[in-house]
């Protein structure tokens, strides 16, 4: 698919549900949750500098999208409620995330389970 056809014609952020909705001229549309986008952030903090350096993200079930910032005509910078904001989501990367959402999510859940981690936020009790 050519780069220009991967550019969404419409982008909607649903604050309550934490879903980013992308619609394309070819009729495709994707609804991507904040949690999904957060755990698959293209940032080096998440992806590392090579596949073997990727850091499994966990405890992100309640994360929200705080805001979006266009990056030229090619991407979005997403600011998450947990403070993460270093990933630049190109149009082609967002399209790939939408196209492969089911397989990527299933693989992520398997990796979480294998690592003994959970989607639930981890809270640490602090006593005074």
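Entry note, the range 3-115: relative contact order of 20 percent, from Cα contacts under 8 Å with a spacing of 6+ residues.
Full extension of the chain segment joining residue 66 with residue 52 gains 2.1 nm, where the gain is 0.36 nm per residue of separation less the Cα-Cα distance. Shape of the range 35-106 from its Cα gyration tensor (a ≥ b ≥ c, root eigenvalues): rounded if a/c is under 1.5, otherwise prolate when a/b > b/c, or oblate? Here the range 35-106 falls in the rounded category. The long axis of helix 101-115 is offset from the longest Cα principal axis of the chain by roughly 10 degrees. Can you tell which of 17, 92, 43 shows the greatest fluctuation in a Gaussian network model of the chain with Cα springs below 10 Å? For the chain, modelled as a Gaussian network with Cα springs under 10 Å, the answer is 17.
The listed peptides 55-67, 28-40, ordered by packing as a protection proxy, come out as 28-40, 55-67 (highest mean of other Cβ atoms within 10 Å first). By the beta-carbon count within 10 Å of each Cβ, the least crowded to most crowded order of 120, 21, fewest first, is 120, 21. Just one of (i) 13, 49, 34, 4, 0; (ii) 14, 51, 31, 3; (iii) 12, 42, 34, 10, 2, 0 is P(r) over Cα pairs in 10 Å bins from 0, in percent calculated from these coordinates, so which is it? Checked against the structure: label (iii).
Bear in mind these aren't lab numbers, they're just calculated from the coordinates by the rules spelled out. Since we're looking at a predicted model, the values are computed, not measured. Reconstructed Cβ throughout: ideal geometry from the backbone, glycine too, with neighbour counts over all protein chains shown.
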